[in-house]
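One structure is given here, and the rest of the page talks about it.
FYI, it's all coordinate maths here, none of it is from the lab. The model shown is predicted, which means the values in this text are computed figures rather than measured ones. With ideal geometry, Cβ positions are generated from the backbone for all residues, glycine too; neighbour counts draw on all protein chains shown.
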Amino acid sequence: MHRTAPDTPHRHAHHVVGGELPPRTLISEVQMEAEFGVARGTVRKATAALREEGLIVTTPGMGSFVADQQ
């Protein structure tokens, strides 16, 4: 069963803010799909939400990374 989109960014944000994923760690959409059991579209919505919150940064052609903490 797939989880809802709001669940995924909150769970991943916990890993980012909690320091489990250090700054500049690559955020893999494929890994998020597997870890949270969600579809690619859900992962993309989640990464967009994390990006809007300033928790990750995305570089075209390189991927999304955990943002440096201020």
Quiz item: What is the local net charge at residue 51, summed over the other residues whose Cβ is closer than 13 Å to its Cβ (Lys, Arg +1; Asp, Glu -1)?
Solution: -1
Quiz item: Residue by residue, what Karplus-based ³J(HN,Hα) values in Hz, rounded to whole numbers, does segment 19-31 have, using 6.51, -1.76 and 1.60 with θ = phi - 60° and x for Gly and Pro?
Solution: x, 5, 10, x, x, 6, 6, 5, 9, 8, 4, 5, 5
Self-check item: Sum of side-chain charges, residue 64 neighbourhood, beta-carbon under 12 Å (Lys, Arg +1; Asp, Glu -1)
Solution: +2
